[in-house]
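The block underneath contains the structure these notes are about, expressed in structure tokens.
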Amino acid sequence: MTEGTFSLPGKHAAQLIKLPNRILEKIGGLEAAKKAFGPDVLQRIEQAIDDQAEQFQGVIDQYIREMNAASCDSAAFNQASMQQIREISHELRGIAGTFGFHLASRVAKSLWEFLGEFEEPNPAVYNVVRMHVDTLLAAQTTRGDADGVALQVEKGLQSVIHKLRASA
């Protein structure tokens, strides 16, 4: 998306401002960073992230448990549940991606974006939320891309969301 002012139907106008990545700009881009730091420093950084991944597995598990609890009962699913799940999914997508849990990150991002489109809970929204949470429960320990599984799962969830939008 480019910079500019836009509005969505029934929403207030908003302005999108794309902020530059000053750190990459200052060092001359990603390739320059690789050259400047050298392979040994980059390898140590990657190792530090890998070493921390196990600690953050517990955080990821907790976030997924909280989303599961907030969406376990369709009769109790309400705006507060939706907001709680959206906030957790925002946190989860960043943490999971940083520590190599790409499937969880993609699913959390999809859920976060989806819940940003709907203000009122309904059975269809609930079902899509449950699909996301169930996927997270099944994949919460999967690190890496798992041979493209993350992309396939994301495409499947997006297909369901597209069908829901078309029927709304």
| request: For the stretch 110-124, just list the computed ³J(HN,Hα) in residue order, Karplus coefficients 6.51, -1.76 and 1.60, θ = phi - 60°, integers in Hz, with x standing in for Gly and Pro. | output: 4, 5, 4, 5, 4, 5, x, 8, 10, 9, 10, x, 8, x, 5
| said: Residue by residue through the stretch 60-73, what is 3J(HN,Hα) from phi via Karplus (6.51 cos²θ - 1.76 cosθ + 1.60, θ = phi - 60°)? Round to whole Hz and write x for glycine and proline. | reply: 4, 4, 5, 4, 5, 4, 5, 5, 5, 5, 6, 10, 7, 10
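FYI, it's all coordinate maths here, none of it is from the lab. Since we're looking at a predicted model, the values are computed, not measured.
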